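The values are calculated or read from the model by the stated rules, or taken from the named source; none is laboratory data. What you see is a predicted model; the values in this text were computed from it and never measured. With ideal geometry, Cβ positions are generated from the backbone for all residues, glycine too; neighbour counts draw on all protein chains shown. Please note that ligands, DNA and RNA were not included when accessible areas were found on the heavy atoms of the full protein model with its side chains. Shrake-Rupley method; radii C 1.70, N 1.55, O 1.52, S 1.80 Å.
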Amino acid sequence: MERGKRYMRLIVKRMIKEGKVNDAIRLYEEMVELTRMEEGCICYDLFQDEDNPRILAVFEEWSSDEALAKHQETEHFKRIVPMIGEITEKRLEMGSYNKLI
């Protein structure tokens with residue numbers, strides 16, 4: 001990693017409403033596909049909990065704060081995130097982590 005350059009990783013975990021997991025996955029498929037094409041996106045992946053399939057987690061890594069901010073202003077982010085929110089029972093975690101090594 002370049003000295004002084006900041007890389008950010010976000011982890012967002014959600015408990016999806018009963019019966020809505022497949023709907024959420026379909027929404028995330030579009031979100032992942034479009035987001036991975038954005039400048040500054042290093043990684044954007046969706047994971048499902050092994051013990052509870054209603055828990056979905058997005059692991060995302062960005063080259064800079066600016067790249068993340070631009071992502072949050074995209075059409076697909078503004079359209080899809082509220083739709084995922086409607087079928088989310090509870091947001092379990094949202095953490096932002098700075099890469100050290």
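Within the range 13-36, residues that are within 20 Å of E75 (Cα to Cα) have Cβ atoms under 9 Å from residues that are polar (S, T, N, Q) and assigned to a strand (DSSP E or B) in these pairs: A24/T88; I25/Q48, counting only partners at least 6 apart in sequence or on another chain.
Do we find that A24 is surrounded by 15 or more Cβ atoms within 10 Å (Cβ to Cβ), out of contact with any Asp or Glu (no Cβ under 6 Å at 6 or more places or on another chain), among the aliphatic types (A, V, I, L, M) and part of a strand (DSSP E or B) in this structure? So A24 does not fit the description; no.
V58 passes every criterion in (1) open to solvent by less than 70 Å² (accessible area, probe 1.4 Å); (2) in a helix (DSSP H, G or I); (3) among the aliphatic types (A, V, I, L, M) apart from (2). Considering only residues that are of a type in the set (K, R) and within 17 Å of P82 (Cα to Cα), look in the range 6-21 and name the one that is surrounded by the most Cβ atoms within 10 Å (Cβ to Cβ). Here the residue is R14. Pairing each residue of the range 60-80 that is more than 21 Å from E93 (Cα to Cα) with any residue that is surrounded by 14 or more Cβ atoms within 10 Å (Cβ to Cβ) and aliphatic (A, V, I, L, M), provided the two are 6+ apart or on different chains, yields C-beta distances under 7 Å for S63/I42; H76/M31; H76/L34.
With the requirement that a residue be in contact with a helix residue (DSSP H, G or I) (Cβ under 8 Å, 6 or more places away or on another chain), closer than 19 Å to A24 by Cβ and not aliphatic (A, V, I, L, M), what does the range 49-70 give you? Passing the criteria: P53, R54, E60. So, E33, is that one open to solvent by 30 Å² or more (accessible area, probe 1.4 Å), over 18 Å from I11 (Cβ atoms), out of contact with any strand residue (DSSP E or B) (no Cβ under 6 Å at 6 or more places or on another chain) and not in a helix (DSSP H, G or I) or not? Considered against the rule, which asks whether it is open to solvent by 30 Å² or more (accessible area, probe 1.4 Å), over 18 Å from I11 (Cβ atoms), out of contact with any strand residue (DSSP E or B) (no Cβ under 6 Å at 6 or more places or on another chain) and not in a helix (DSSP H, G or I), E33 comes out as no. Here A67 clears all of (1) in a strand (DSSP E or B); (2) in contact with a Cys (Cβ under 9 Å, 6 or more places away or on another chain); (3) open to solvent by less than 60 Å² (accessible area, probe 1.4 Å) except the condition numbered (1).
For the range 80-101, a residue qualifies if it is within 13 Å of the chain's Cα centre (by Cα), of a type in the set (A, V, I, L, M, F, W, C) and open to solvent by less than 60 Å² (accessible area, probe 1.4 Å), and the qualifying residues are I80, V81, I84.
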